[in-house]
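The values are calculated or read from the model by the stated rules, or taken from the named source; none is laboratory data. Here the structure is a predicted model, which means the values were calculated and not measured. Glycine gets a Cβ as well: all are built from the backbone with ideal geometry, and neighbour counts include every protein chain shown.
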């Protein structure tokens, strides 16, 4: 079946980059694009009218954590100062002898099998990504049961997921006073590593383009040199990309230097992990950052020389009073910049806008982090980080991953007159402007509706789950804080 999408604007691709076409079309047959241009000479079986829209490649979110992020809702405008703005340390490290609710990464396999949140988290995550125009995403290190649930949702809703159970050699723990310590696993995490390899092999045997494997040693400070070296070798053997969190936290930075006399980026380089196949989560607190006062830093050059990617998650880090030091310097160094949502909201348009605004401020250059650059990061940059020359672009032979964005909506004045639809999207758009999503040549969302998914019911289920978690935070929080103590509701005189 051959389908033609007629757009008011079409983001085509030529000579290695995006090219804007006015009043053009995209034609796809099966899973591939067969034509992009002004006038298609042949006949088609179906026409999708998007003449009031921008026709774009689907967004690629390179940093996703499954869940509705109820715990992160307790960190708006607050949190423990001694954790230097690191959200996962604040809400997902349990007091000794207790278990976290609403966060399954450190459950045992038996506990995870009966956890009521895993299926809900996966359904909420994939539906939210699809609603916001994401056609490919990378999940960074959830429990093996989390990945299983995501696998099911990827195939059900038609969103491409790069999935890999996270592993490490130990984890952070907290005592009764809230003091952190690193706690090693007896086998150095090899059981988790082997579980990840087994999952990836099963994905590869399944042979479905909607699900791919990725190796994810969770946090660099909690991974041994041995397990990092095993990761590099396994990535070569299996032919899969890698991702990790590094250069993301003051505590992590100094812990690695204390233990290895190297920065986290230098440690990755020492084990051969700095390659174009690596996506580093955040990498905003590196040796070159003036916030760390580290003399003679060369992390940025190391990353650029080795052509690594970073998943820049602008909304998440700016919410925690952190920021990428200079978008412009990262690009000039040769780092491949991609965009990730990490936490709520999974709105790539809002993340592009935040990346652009803070990129300009921190680069001290009003031309830095332009709309074109952040749009490239959300499409071509993500595809490059996965080694996929058939994603993130609309060109003959590429995967038919296409979205339409209503930039000429008649029910809002937000866009105003449009001179450049990419600038208008980044400056004025939101994820809800995405109208149609096509992945692998199949329409997955039309008129903002996902067949078989009731967004209202999903949100209601998430609300109920969140309220249950919030009511029990004090049972496992290291400081025994209630939800109200962690995050006092705005304008609430009766809240304690």
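Can you tell me which residue is nearest to the chain's Cα centre (by Cα) among those in the stretch 96-112 that are crowded, with 19+ Cβ neighbours inside 10 Å and more than 14 Å from residue 171 (Cβ to Cβ)?
102
For (1) touching a strand residue (DSSP E or B) at 6+ places or on another chain (Cβ under 6 Å); (2) part of a strand (DSSP E or B); (3) over 29 Å from residue 209 (Cα atoms), each residue gets a yes or a no:
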site	(1), (2), (3)
419	no, no, yes
437	yes, yes, no
453	no, no, no
456	no, no, yes
459	no, no, no
463	no, no, yes
466	no, no, yes
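Filter the stretch 451-496 down to the residues that are in contact with a helix residue (DSSP H, G or I) (Cβ under 6 Å, 6 or more places away or on another chain) and over 25 Å from residue 87 (Cα atoms) and list them by number.
453, the sole residue that qualifies.
Search the stretch 6-19 for residues that are without any contact (Cβ under 8 Å) to a residue 24 or more places away in the chain and pair each with any residue that is in a strand (DSSP E or B) when their beta-carbon atoms are under 6 Å apart and the residues are at least 6 apart or on different chains.
19/12
Can you tell me which residues in the stretch 312-350 are in contact (Cβ under 8 Å) with a residue 60 or more places away in the chain, over 21 Å from residue 79 (Cα atoms) and outside any helix (DSSP H, G or I)?
Result: 312, 336, 338, 339, 340, 346, 347.
Given (1) out of contact with any strand residue (DSSP E or B) (no Cβ under 6 Å at 6 or more places or on another chain); (2) buried (at least 23 other Cβ atoms within 10 Å of the Cβ); (3) at pLDDT 95 or above, where does residue 139 come up short, assuming only one miss?
Residue 139 satisfies every listed condition except (1).
When you check residue 345 against the structure, is it under 30 Å from residue 133 (Cα atoms), within 15 Å of the chain's Cα centre (by Cα) and surrounded by fewer than 18 Cβ atoms within 10 Å (Cβ to Cβ), yes or no? It would help to see each step written out before you state the result.
Values: under 30 Å from residue 133 (Cα atoms): yes; within 15 Å of the chain's Cα centre (by Cα): yes; surrounded by fewer than 18 Cβ atoms within 10 Å (Cβ to Cβ): yes.
So residue 345 fits the description; yes.
Looking for something at positive phi, assigned by TED's automatic domain parsing to the domain that holds residue 267 and surrounded by 18 or more Cβ atoms within 10 Å (Cβ to Cβ) - is there at least one such residue anywhere in the stretch 351-374?
Yes; the residues of the stretch 351-374 include at least one that is at positive phi, assigned by TED's automatic domain parsing to the domain that holds residue 267 and surrounded by 18 or more Cβ atoms within 10 Å (Cβ to Cβ).
Residues that are under 26 Å from residue 458 (Cβ atoms): which strands (runs of 3 or more DSSP E) entirely in the stretch 20-95 hold 1 or more of them?
Here the list reads 46-57, 59-64.
Residue 308: in contact with a strand residue (DSSP E or B) (Cβ under 6 Å, 6 or more places away or on another chain), more than 30 Å from residue 124 (Cβ to Cβ), in the same structural domain as residue 140 (by TED's automatic domain parsing) and modelled with pLDDT of 95 or more, yes or no?
yes
Just one of (1) in a loop (DSSP other than H, G, I, E, B); (2) more than 23 Å from residue 342 (Cβ to Cβ); (3) touching a strand residue (DSSP E or B) at 6+ places or on another chain (Cβ under 8 Å) trips up residue 284, so point out which.
Tallying (1) in a loop (DSSP other than H, G, I, E, B); (2) more than 23 Å from residue 342 (Cβ to Cβ); (3) touching a strand residue (DSSP E or B) at 6+ places or on another chain (Cβ under 8 Å), residue 284 fails exactly one: (2).
Pairs, please: C-beta under 6 Å, at least 6 apart or cross-chain, first residue without any contact (Cβ under 8 Å) to a residue 60 or more places away in the chain and in the stretch 125-137, second outside any loop (DSSP other than H, G, I, E, B)?
126/153; 126/157
If only one of 426, 405 is under 22 Å from residue 2 (Cα atoms), within 24 Å of the chain's Cα centre (by Cα) and surrounded by 14 or more Cβ atoms within 10 Å (Cβ to Cβ), which one is it?
Among 426, 405, only 405 is under 22 Å from residue 2 (Cα atoms), within 24 Å of the chain's Cα centre (by Cα) and surrounded by 14 or more Cβ atoms within 10 Å (Cβ to Cβ).
Answer yes if at least one residue in the stretch 56-74 is more than 30 Å from residue 163 (Cβ to Cβ), touching a helix residue (DSSP H, G or I) at 6+ places or on another chain (Cβ under 9 Å) and either surrounded by fewer than 23 Cβ atoms within 10 Å (Cβ to Cβ) or not assigned by TED's automatic domain parsing to the domain that holds residue 241 (or both), and no otherwise.
Checking the stretch 56-74: not a single residue is more than 30 Å from residue 163 (Cβ to Cβ), touching a helix residue (DSSP H, G or I) at 6+ places or on another chain (Cβ under 9 Å) and either surrounded by fewer than 23 Cβ atoms within 10 Å (Cβ to Cβ) or not assigned by TED's automatic domain parsing to the domain that holds residue 241 (or both).
Consider the stretch 453-496. How many of its residues are in contact (Cβ under 8 Å) with a residue 12 or more places away in the chain and exposed (fewer than 12 other Cβ atoms within 10 Å of the Cβ)?
Residues in the stretch 453-496 being in contact (Cβ under 8 Å) with a residue 12 or more places away in the chain and exposed (fewer than 12 other Cβ atoms within 10 Å of the Cβ): 1 in total.
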